[in-house]
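Scroll down for the structure; my scribbles are underneath it.
Each value in this text was obtained by applying a stated rule to the coordinates, not by laboratory testing. Since this is a predicted model, take the numbers as computed values, not measurements. Cβ atoms come from the backbone with ideal geometry, glycine included; neighbour counts cover every protein chain shown.
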Amino acid sequence: MKIGVIGTGYVGLVAGACFADTGNQVLCVDKDASKINRLKNGEIPIYEPGLDTLVARNVEQDRLRFTTSVKEAAEDCEIIFMAVGTPPLPTGEPDLSFLKSAVQEVGKHMTGYRLIVNKSTVPIGAHLLVQEWITNQTKHPVDVVSNPEFLKEGTAIEDFLKPDRVVIGAKSQTAFDKMAKLYAPFVRQGNPILFMDPISAEMTKYACNAFLATRISFMNELSQLCEKVGGDIELVRKGMVTDPRIGKHFLYPGVGYGGSCFPKDVQALVSKSKEKGVELRIVTAAENANASQKKHLFNKIVDHFKTKDLSQCTFAIWGLAFKPNTDDIREAPALVLIDALLKAGAKVKAFDPVAIENTKKVFEEKVVFTKNAYEAVKDADALVLVTEWNEFRQADLQKVKASMKTANLFDGRNIFDPQSVKELGFTYYGIGRS
């Protein structure tokens, strides 16, 4: 099949490379000429494990190409995926201006039947807008399909190649048959391709992310209660996950969720509910709880130092990305913490294996970025772990303590054993641990 992918962010680039890897001819399009030039030169503009190898292999086999021309994709590709950005507006609604522009340009240059696939996260009912935008530009027949993505940054390749399920929202059997054929190589183990109407497919994406966000916020609120009553949220979690009705995923307490999906999708769902006069109390509470949790670690720091004036203190931050195995800092809890520390007058030194360059664009010279984790803790009054990269889990804490001015450890992800850390001479603070 000839596949066009409009947008080369996480979703578009991963989808394009994976479709190419099953033998399709894929043309990835992006208006950013510098990004396209980097891709043509073998540079991957995002950090995603395994993506560089996958792209290189399919470029070499001439199955994957890059261009700035939407016209080329519209003329040559029968199936065109829309993977452009839909960032949130101040109201919480997704900004569809990039999507509208791309769809209209495809419509102007279509040379025959096209299957337009919404891969971006779009508001409920957006397929109707896409249908309107494109039919106003062309007389050729078109089907609009909703095909939400469920990729996790850091494991996106594995998630795409071996999906738990594929959701296809379409109104015609022709569209479903074409999509089922395209995805057939990825579901050979029997995982389902779910055929439904476009509204339900759009809703499924939001429902999944809002539910998972709610699980996280639920555990974070329980962790604060544990701190007050003297319980240990990690033991509570272990007691919960053995219940098969609950399961083990997304029940880890921490400093709040971030990234490109959960915050944006929760806000969009709440915005749509208000538009329709429906009050989503649980989803709204999850969002509010998450905003509060991002400030929790800073409040612990203020309580420990017994002052909001931290101008005499230096803090080492381990982890900047919103989660491990990505350089994505969108809505990252580390940004909220660093901003609060800087406003309190503190000096901040930070390290992350891959997200430093992105974070520099936010804080510039206000933060000292170090070459490794141990350099960050030198002469620090406290170490604050925000992102649970594997390399931090077995860090030499004796070496860390020897480098610090005072041995205070704020563990925002509960990756360290409290008793072992205290035996080394640290004052330890976890999340939901008394």
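Numbers below:
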read-out: Rotationally averaged projected area of the range 146-291 (alpha carbon convex hull; nm²); value: 10.7
read-out: Descending semi-axes in whole angstrom, ellipsoid equivalent of the range 2-196, from the Cα gyration tensor; value: 23, 20, 17
read-out: Antiparallel bridge percentage (DSSP; both residues within the chain; nearest 5); value: 5
read-out: Cross-link pairs beyond the 28 Å C-alpha cut-off, checked among Lys323/Lys349; Lys248/Lys361; Lys264/Lys371; Lys71/Lys272; Lys119/Lys171; value: Lys248/Lys361; Lys264/Lys371; Lys71/Lys272
read-out: Rg to Rh, two decimals, where the chain supplies the alpha carbon set and Rh follows Kirkwood; value: 1.01
read-out: Förster-model FRET efficiency, 22 Å R0, Leu128 and Met196, C-beta, rounded to 0.05; value: 0.90
read-out: Extension gain (nm, one decimal) between Arg165 and Cys208, 0.36 nm per residue minus Cα-Cα; value: 14.2 nm
read-out: Sparse-neighbour loop sites [trypsin sites (Lys or Arg not before Pro); the range 234-326; at most 16 other C-beta within 10 Å; DSSP]; value: Arg245, Lys248, Lys276, Lys295, Lys306, Lys308
read-out: Dipole of the chain, positive direction: furthest Cα of Thr242, Tyr47, Val144, with charges on the beta-carbon; value: Thr242
read-out: Charge context of Asp159, other residues only, Cβ under 13 angstrom, K/R +1, D/E -1; value: -2
read-out: Residues listed by number, the range 326-363, amide nitrogen under 12 Å from Gln394 label point at 7 Å toward C-beta; value: none
read-out: Top positive-direction residue, dipole computed over the chain with Cβ charges, set Ala285, Ala395, Ala376; value: Ala285
read-out: Estimated dipole of the range 14-107 in Debye, rounded to 20 [Cβ of Lys and Arg +1, of Asp and Glu -1, Cα centre]; value: 140
read-out: Ordering of 395-401, 37-43, 9-15 by burial proxy (mean other Cβ atoms within 10 Å per residue, highest first); value: 9-15, 395-401, 37-43
read-out: For the chain, calculated [θ]222 nm from helices alone, where every DSSP H run of n ≥ 4 adds -39500 (n - 2.57); value: -13500 deg cm²/dmol
read-out: Additional length obtainable on full extension of the chain from Glu78 to Asp379, 0.36 nm per residue less Cα span; value: 102.4 nm
read-out: Net charge, Glu93 excluded, C-beta distance under 9 Å - Lys, Arg +1, Asp, Glu -1; value: -1
read-out: Total charge dipole magnitude, the chain, about the Cα centre, Cβ charges on Lys, Arg, Asp, Glu only, Debye to nearest 20; value: 420
read-out: Distant-in-sequence amide H partners of Ile193 (H built 1.01 Å from N, under 5 Å); value: Val166
read-out: The range 267-362: GluC sites (Glu not before Pro) falling in loop per DSSP and having at most 14 other Cβ within 10 Å; value: Glu279
read-out: Candidate aspartates and glutamates - alpha carbon under 12 Å from Lys178, same-chain residues fewer than 8 apart omitted; value: Glu78, Asp143
read-out: Theoretical FRET efficiency, 1/(1+(r/R0)^6), r = Cβ-Cβ of His249 and Ser273, R0 22 Å, to 0.05; value: 0.30
read-out: Cα-centred dipole magnitude for the range 294-429, charges only on beta-carbon of K, R (+1) and D, E (-1), debye, nearest 20; value: 320
